[in-house]
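Report on the structure given below.
Read-outs: derived from the displayed coordinates by stated rules, not from any lab. All values reported here derive from a predicted model rather than from experimental measurement. Because the Cβ atoms are built from the backbone with ideal geometry, glycine has one as well, and the counts that use them run over all protein chains shown.
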Amino acid sequence: MTFFDFRPKLVSCLKGYNMQKFSQDAMAGLITGIVALPLAIAFGIASGVSPEKGIITAIVAGFIISLLGGSKVQIGGPTGAFIVIIYSIVTNPAYGEEGLLIATLLAGVLLILMGVFKMGSVIKFIPYPIIIGFTAGIAVTIFTTQMGDVFGLKQEVFDSATGAPILDPETGEKLLAPLKTPGDFIGKWICYFEHFQYFNLWNFAVALLSVLTIIFSPKLFKSVPGLNKIPGSLYAIVFITLIVLLMKEYGGITGIDTIGDRFTIQGKLPKPIVPDITFDMIRNLIPVAFTIAILGAIESLLSAAVADGVIGDQHNSNTELIAQGVANMASPLFGGIPATGAIARTMTNFNNGGRTPVAGIIHAVVLLLILIVLMPLANYIPMACLAGVLVIVSYNMSGWRTFRAMLKNPKSDVSVLLVTFFLTIIFDLTVAIEFGIVLACLLLIRRIASVGHITLQENEIDANNDTEVTTHEEALQIPEGVQVYEIDGPFFFGIANKFEELSANMLEVPMVRIIRMRKVPFVDATGLHNLEVFIHKSHQQGIHVVLSGVRPEVLAVIRKSSLYGEVGEKNIFDHINGAMARAQEVVAHPHIHHRVHSNK
């Protein structure tokens, strides 16, 4: 696929589209929009921005991903994977929300480039332990960020001039405000313990009741048509919000924070704003944008692959990446945050009859109507209730069973898993992904290097165990004065110096060295260089070198290097019999070696 033959799934799905399909998509879009509402609000608040920004993201990005995407049923919007990195940008005084806007725009550009240059399949090569590690790390971090609201923790408000606590004029007690925590994991827990004296039992009860509602409501309404399709998170928000309203109105209960206590919600889609982008901002935010792009690509393609398995279709990964890129360029212009394909909402769409991207478009329209008409009601939603929703999200996201099972894998995989997990928690996602990928690559190189080896074959080559040997005898005899080395595996920088180690232990100096390369699938620049140095030293010692079993693809690389001139065309063979015949010729006529290399 190139950029110019880019064709969204919507184009093919509209062929033969009829009212029956539309009615199915409309119902699926309506239900998916309702499911997406509480998650969009919760993800927006947890990311450090206002709740309507989460809904705006679901509207703008969700619409574009369905309109241009490469999957039939993919639903896009804000997800838990981005909470940690968005929060770190927004709370950084050097960046703030403007920095988030620019980072998301840059991530959108990177995603489009990934799609244009057909990198959709490359993303699949990111090691599985890294994906599990940072996903579990994100889950733990999300869980941690919600503990302040779960326990209803507060902090004292101090006078900026005197430094003394400010007293409530009505009660005379210390004025308390919602707890502001540091950005790092350890700092958050220290802050929680320091302020646990302000633990609020009512907030904790609201959070606990929300969790129980989310868990048990699907089971309770499992056999009730219509009600069994409503997610537990929506039941929790509606049910708990009504209870808290009644408690405040008739029970005189205070101290339960709601969204309206902390945010001013605007029930409209804002006008697009283009930020002032400077080179310094781009340079500083590129690493963060890269992390957002990688996360978006991984999660969207993983979601699309899961959808393929249930609908029996094949998504176009490069088209999907381009759509994700466009969505992430459009979303921040309207005040939104990064978006990607969401597995839970995608499966909700499919399970409720969605079969074309039209359902995703309708889901976005439903959210837009909710934003315009019903958004003021969101002011009454308790913060502890949203915290309960995110506690369940973090639990489902953690994949703790998979994490536990992976601890039984080889030590190299376990080390990558744990390093990525702990770096995600203690530092940030950018560091975790970068370090995890580097560590995985180093361990892979080590593993390949341990598999590849160089051996010295002495006296004879067993014809029964060597398919390359052609002889009527049981063994091919190695003449006196000839040494046969065999390289087994890729000849790259990981094992390139093993020739020196092997030859250094040899007491006898041969007349000819045969280097068998039949098991070498590729050779890199370091391997070529070290092999050339080894051959050059051999020539200086008066040792003739012959290459045997050189594969065509390896020979093509050798021909383009200076190694080809060093070894000589007459000394390269594709078969051991030819190489052995050349060695016997050199042993029988030693002047051949000296004449060949004196004329170089």
Note to self: Could you give each residue of the stretch 574-581 its phi-based ³J(HN,Hα) in whole Hz, using Karplus coefficients 6.51, -1.76, 1.60 with θ = phi - 60°, and x for Gly or Pro?
What the structure shows: 8, 8, 5, 5, x, 5, 5, 5
Note to self: I'd like to know which of 18, 74, 289 lies farthest towards the positive end of the charge dipole of the chain, counting +1 on Cβ of Lys and Arg and -1 on Cβ of Asp and Glu.
What the structure shows: 18
Check: Gap in Å between the Cα centre of the stretch 164-196 and the Cα centre of the stretch 96-155?
Finding: 29 Å
Notebook entry, point to check: Taking amide H positions as placed 1.01 Å from N in the peptide plane, with prolines and chain starts having none, which residues 5 or more places from residue 516, or on another chain, fall under 5 Å of its amide H?
Noted result: 485, 486, 487, 548
Next item on the list: Over all alpha-carbon pairs of the chain, lay out the pair-distance distribution in 20 Å bins, whole %, shortest bin first.
Entry: 17, 38, 23, 16, 5, 0
Checklist line | Estimated inter-spin distance, residue 276 and residue 585, nm [label 7 Å along Cα→Cβ] | finding: 7.7 nm
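What's the exposure ranking of 43, 82, 196, going from fewest to most Cβ atoms within 10 Å?
On the way: 43 33, 82 26, 196 10.
Sorted ascending by nearby Cβ count, the order is 196, 82, 43.
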Next item on the list: Considering Cα pairs under 8 angstrom that are at least six residues apart, work out the relative contact order of the chain and quote it in whole percent.
Entry: 22 percent
Check: Given a Förster distance of 35 angstrom, what is the FRET efficiency for residue 284 paired with residue 113, based on the Cβ-Cβ distance and rounded to 0.05?
Finding: 0.95
Next item on the list: Report the one residue of 94, 275, 212 whose Cα lies farthest in the direction of the positive end of the charge dipole of the chain (charges on C-beta: Lys and Arg +1, Asp and Glu -1; origin at the Cα centre).
Entry: 212
Item checked: Anchor residue 188: aspartates and glutamates whose Cα lies under 19 Å away (excluding residues fewer than 8 positions away in-chain) -> 149, 156, 428
Note to self: Report for the chain the percent antiparallel among DSSP-assigned beta bridges with both residues inside it, nearest 5.
What the structure shows: 55 percent
Notebook entry, point to check: Taking the Cα centre of the chain as the origin, how large is its charge dipole in debye, to the nearest 20, when only Lys and Arg (+1) and Asp and Glu (-1) carry charge on their Cβ atoms?
Noted result: 1520 debye
Next item on the list: Evaluate the distance, in nm, between pseudo-label points positioned 7 Å from the Cα of residue 379 and of residue 175 along their respective Cα→Cβ axes.
Entry: 2.1 nm
Next item on the list: Starting at the first residue of the stretch 83-92, write each ³J(HN,Hα) from the Karplus equation 6.51 cos²θ - 1.76 cosθ + 1.60 with θ = phi - 60°, in whole Hz, x for Gly and Pro.
Entry: 4, 4, 6, 5, 4, 5, 6, 5, 7, 7
Next item on the list: Working from Cα positions, state the angle (0 to 90°, nearest 10) between the long axis of helix 525-540 and the longest principal axis of the chain.
Entry: 20 degrees
Next item on the list: Would you grab the residues whose amide H sits under 5 Å from the one on residue 544? Only those 5+ places off in sequence or on another chain, please, with H modelled 1.01 Å from N.
Entry: 512, 513
Next item on the list: Take the alpha carbon atoms of the stretch 36-50, find their center, do the same for the stretch 522-563, and report the distance between the two centers in whole angstrom.
Entry: 60 Å
Check: Once the dipole of the chain is set up with Lys and Arg at +1 and Asp and Glu at -1 on Cβ about the Cα centre, which of 557, 244, 435 lies farthest towards its positive end?
Finding: 244
Note to self: With angles folded into 0 to 90 degrees, how steeply does helix 201-220 sit against the dominant principal axis of the chain? Use alpha carbons for both and round to 10.
What the structure shows: 70 degrees
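Would you mind getting me the FRET efficiency between residue 402 and residue 561? Use the beta-carbon distance for r and R0 = 60 Å, nearest 0.05. Don't skip to the answer; put the middle values down first.
On the way: r = 46 Å, r/R0 = 0.76.
Once rounded, the FRET efficiency stands at 0.85.
Give me 385, 191, 441 ranked fewest to most by other Cβ atoms within 10 Å of their Cβ, as a rough exposure proxy. Can you show the working numbers first?
On the way: 385 31, 191 18, 441 12.
With the fewest neighbours first, 385, 191, 441 line up as 441, 191, 385.
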Checklist line | Using alpha-carbon coordinates, inclination of helix 411-426 to the longest axis of the chain, degrees | finding: 30 degrees
Check: For residue 204 and residue 442, FRET efficiency with R0 = 35 Å and r from the beta-carbon atoms, rounded to 0.05?
Finding: 0.15
Checklist line | Amide hydrogen neighbours beyond the local backbone of residue 340, cut-off 5 Å, H modeled | finding: 77, 79
Next item on the list: Report, in whole Å, the centroid distance computed from the Cα atoms of the stretch 243-272 and the stretch 274-351.
Entry: 31 Å
